[in-house]
Structures are given as C-alpha cells and as structure tokens.
Amino acid sequence: MFERAVLVHYHEIGLKGKNRGAWERRLADNIAFVLGDLTDAGVQRVASRVMVRVSNIHNLEEIIGRVSRVPGVSYCADVLVTGRDPHDMERAALMASRQFPQARTFAMECRRSATDYTERSLEMNRRIGAYVQAETGLGVHLDAPDVRIRVEVVQGEVYTFARRIEGPGGLPTGVSGTIVALLSAGIDSPVAVWRLIRRGAVIVGVHFSGRPQTDAASEHHADDIARVLAQTGGMARLYVVPFGDLQREISLAAPPDLRILLYRRLMIRVAERIAAVERAGALVTGESLGQVASQTLENIAAVDAAATMPVLRPLIGDDKNDIIALAREIGTFELSTQPHADCCTLFMPRTPETHATVRQVEAGEADLDMERMVAEALANLSWTDYACPSYTAPKRWPVAEA
C-alpha cells in the first residue's frame, strides 16, 4: 500500500515575498496545533505546500476535517505518496479514481516541479490517463469530468489525488496581530470575528452581559460561539463584562433617545482598556451600515468619536442574508439564534436617535462619570481562555479566571 497523507495548498501566502517563509512556518505550526496527537508523523513543508503524513488511516477523515478549517488553507487533498516509478504512479492514479465509484468520466492533470524528472507533463497525462481508462472504462472529459486526477511530481516523491476539500483561504492566524472584538451572542459579531481570523488576526473577545439586570444565558451562548471560532486556532480569550447596572445608570441619567449610543461609547472605552492590556491594535464590531438605528453613518461617527484606536467593521457592506449565510457556513448560526436576554435590549428608548452628532452625545454624557464606570466594568470582568497557538496571555488582571 502507498503512504497516505493530507497535502495542504495555499494561495495568498505564496504572494507575500519576503514574508512567505515565515508565514509558511506559521501555517504549518497552526496545522500541527489543531491536529494535536492525531498524527505522530508530523507536519512538514514540502515544495511550497504543507504535508501531513497520516500514520493511522483511521484518523484520516478527522485530520482532513480539522485541517480544512484552518485559515490560510486554500484546499487540502487526500493524497497517495509514491516514488517516481511509472507503474506506481499509474496504480496510484487508478486508486484515486476509485474513490469516486459513481464517476463516468475523468481527466488527468499532471505537472512536475522537479527539474530532474525528464518526462513532460503532457506525456504523463497521456501515459497515466491511458492506464486509468484501460482499467476502468471511464470516458475522457477534459472540461467538466466527474473526477479529475492530479499528479504532482516534486523532489523525490509523487503526490496523486482526486479528492480535494476546500479550505477557508486567507492568511494564517497570528501574522496580523491581535484584535479585540465586541462579541455578542447574536448572529453578526461572530461572523465579523471569523472574517478577521481569516485575515490572520488573533481575536480576544469582549462580551457585555446584561447581568445582574438579566440572567447569564447570553454569557453561556457567547462561550459556545467562541468555542466554535476557537476551532480555527484564532480565538484566544473571551472577557465577560457585567454591564446591566451600568446601563441602568445611563438610562436614569442620560437623554432617552441617546441611550443606545452612550451604551456603545462606554463599551468602546472598556474594550480599548482591555486592548491596551492585550497589546491589540484595533477593535472589531459586527455592525452593518443601516441595519438598525444605531448603525447610520451619523451614529457610527458619534460612537467612533469615543475611540482612540481603529474600529473595524468587516460586515459594513453586507446585508442580513449575506451574514446569515456565512454564519451557517462557519457553524455559529444555530447558537446565535438560541433565546437569550441581550444587554442591547435593556432600557431601550421608544424613539432612539438615528442621526446624532458628536456634540449631542458628548452633552448626553455630561452628567455621567465615564472614567469611574469604565473602572467598575474592568474591576468586575472575568475571562475564559481557548487554545490558540499565537497567543500570549497578559498577567495584569488581578481577578480569578472564569
């Protein structure tokens, strides 16, 4: 039997010039991390790819499942590893074709990246294709075959596969720094977090709970969502901030129509303090332009005026259907639609301001001791850590871990 392996292809990393080697190593390290002890054969970089050698065939599907969720992976393939013996190459192609028993047509796609291998790609296509056709009776269809068999000749080995599993693409987690995310238990913010993980960021979440004005259900849902996102290796920590009493204080002292914006501005200030401790370079939210009253251009500007670092909104141009589709794809939608008391619905005004100015919200905060409120929020936070290979936890917080 030929050796089995999972061959990882990437795309964007290959365009990064001087960063390419370091980012390849980061991708390989991230893959090794999510696999844990599933393979004892190791993860290695080979010929501008990453190879996971499968020592136990019973772990193959689990390995493929985990690898295909890692950011930076364009696709992974279930490969047969052989030497350059022509008959071995032919038999491997035949075995690959038989992974698709319902196929009626096939195509060959051979290429060589090893300069010391003399047989040309077109000659390999004809030779191996003729063998597969003679053994299986499959018809040839070059444009839209039922199965496409790929043969890649590299230094010392040949990789043959027909089964290809798409990955998320993007960049390896850990190459783009740390970002603090305002993570609710709703649909939008987990999708925003996923998009930043896919761009190579390590995410530290901050969940604002309505507790003690509500129960802790949203905290449990946010933790469940974070655990799904942590399967990528990009979700590092989730802070929980009890926010209900602070919202109540704002609701009693501030103009009703500005409450939502003042809640958001306080959240931004708290998240920025956490970002300073976490050495994060930006905040991220799940807002989409015009989706709700607080997300008009004017209101976004009024909230951002409280920030001193970039506030990223990767969903800003998406509609709800786009966001829901991606939430289903990444596995957070069902969790996000479970019933829970959201802090955003606490003390809601009847007619929230939709076109606030910075001057208005600053005047609305005049009777509030924002610095004390931020300090109170930070004094009562707790957190949960998740497995993240690129994260180093700060040591500053004088509170017990959740």
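The values are calculated or read from the model by the stated rules, or taken from the named source; none is laboratory data. These numbers were taken from a predicted model, which means no experiment stands behind them. When we count neighbours, we look across all protein chains shown, and the Cβ atoms used for this are built from the backbone with ideal geometry, even at glycine.
Suppose we keep only residues that are in a loop (DSSP other than H, G, I, E, B) and in contact with a Leu (Cβ under 8 Å, 6 or more places away or on another chain) within segment 177-186. Which one would you say is modelled with the highest pLDDT?
Looking only at segment 177-186, we keep the residues that are in a loop (DSSP other than H, G, I, E, B), and these are 177, 183-186.
So of that shortlist, the ones also in contact with a Leu (Cβ under 8 Å, 6 or more places away or on another chain) come out as 183, 185.
Working: L183: 96, A185: 88.
The extreme case among them is L183.
Scan (1) farther than 17 Å from E157 by Cα; (2) free of Cβ contacts under 8 Å to residues at least 60 places away in the same chain for the single condition C76 breaks and write down its number.
It is condition (2) that C76 fails.
Within the set of pairs 6 or more residues apart or between chains, which connect a residue that is free of Cβ contacts under 8 Å to residues at least 40 places away in the same chain inside segment 161-180 to a residue that is crowded, with 16+ Cβ neighbours inside 10 Å and not hydrophobic (A, V, I, L, M, F, W, C) with Cβ atoms less than 8 Å apart?
S176/R199; S176/G200
Any residue in segment 320-340 that's in a helix (DSSP H, G or I): show its pairings with residues that are of a type in the set (D, E) at Cβ separation under 6 Å, as long as the two are six or more apart or on different chains.
Filtered contacts from segment 320-340: I323/D188; L335/D224.
Let me confirm something: among G83, G65, G17, which residue is closer than 25 Å to C388 by Cα and surrounded by fewer than 17 Cβ atoms within 10 Å (Cβ to Cβ)?
Details: G83 fails: closer than 25 Å to C388 by Cα; G17 fails: closer than 25 Å to C388 by Cα.
G65 is the lone residue from the list that is closer than 25 Å to C388 by Cα and surrounded by fewer than 17 Cβ atoms within 10 Å (Cβ to Cβ).
Go over the candidates A162, A201, A217, A185 one by one and state the one that is within 13 Å of the chain's Cα centre (by Cα) and not charged (D, E, K, R). It would help to see each step written out before you state the result.
Details: A162 fails: within 13 Å of the chain's Cα centre (by Cα); A217 fails: within 13 Å of the chain's Cα centre (by Cα); A185 fails: within 13 Å of the chain's Cα centre (by Cα).
Answer to the check: A201.
Starting from residues that are of a type in the set (A, V, I, L, M, F, W, C) and over 22 Å from E24 (Cβ atoms), keep the ones in segment 51-62 and report whichever is surrounded by the fewest Cβ atoms within 10 Å (Cβ to Cβ). Spell out the reasoning first.
Within segment 51-62, the first condition is being of a type in the set (A, V, I, L, M, F, W, C), and the residues that meet it are 51-52, 54, 57, 60.
Retained after the next criterion (residues that are over 22 Å from E24 (Cβ atoms)): 57, 60.
Details: I57: 9, L60: 17.
Of everything passing the filter in segment 51-62, I57 is surrounded by the fewest Cβ atoms within 10 Å (Cβ to Cβ).
Condition check: out of contact with any helix residue (DSSP H, G or I) (no Cβ under 8 Å at 6 or more places or on another chain), surrounded by 22 or more Cβ atoms within 10 Å (Cβ to Cβ) and either farther than 21 Å from A393 by Cα or without any contact (Cβ under 8 Å) to a residue 60 or more places away in the chain (or both). Does S189 satisfy that? I'd like the intermediate steps shown before the answer.
Numbers: out of contact with any helix residue (DSSP H, G or I) (no Cβ under 8 Å at 6 or more places or on another chain): yes; surrounded by 22 or more Cβ atoms within 10 Å (Cβ to Cβ): yes; either farther than 21 Å from A393 by Cα or without any contact (Cβ under 8 Å) to a residue 60 or more places away in the chain (or both): yes.
Answer is yes for this residue.
Taking the conditions exactly as written (modelled with pLDDT under 95, surrounded by 18 or more Cβ atoms within 10 Å (Cβ to Cβ) and not charged (D, E, K, R)), does V132 satisfy them or not?
Working: modelled with pLDDT under 95: no; surrounded by 18 or more Cβ atoms within 10 Å (Cβ to Cβ): yes; not charged (D, E, K, R): yes.
Answer is no for this residue.
Residues in segment 169-185 that are within 26 Å of N321 (Cβ to Cβ) and crowded, with 22+ Cβ neighbours inside 10 Å: how many? Before you say what the answer is, go through the steps one by one.
From segment 169-185, those within 26 Å of N321 (Cβ to Cβ) are 169-170, 179, 181-185; that's our starting set.
Now restrict to residues that are crowded, with 22+ Cβ neighbours inside 10 Å: 170, 179, 181-185.
Of the residues in segment 169-185, 7 are within 26 Å of N321 (Cβ to Cβ) and crowded, with 22+ Cβ neighbours inside 10 Å.
Tell me the residue from V34, V8 that is in contact with a strand residue (DSSP E or B) (Cβ under 8 Å, 6 or more places away or on another chain) and in contact (Cβ under 8 Å) with a residue 12 or more places away in the chain, please. Before you say what the answer is, go through the steps one by one.
Values: V34 fails: in contact with a strand residue (DSSP E or B) (Cβ under 8 Å, 6 or more places away or on another chain).
Going through V34, V8 in turn, just one is in contact with a strand residue (DSSP E or B) (Cβ under 8 Å, 6 or more places away or on another chain) and in contact (Cβ under 8 Å) with a residue 12 or more places away in the chain: V8.
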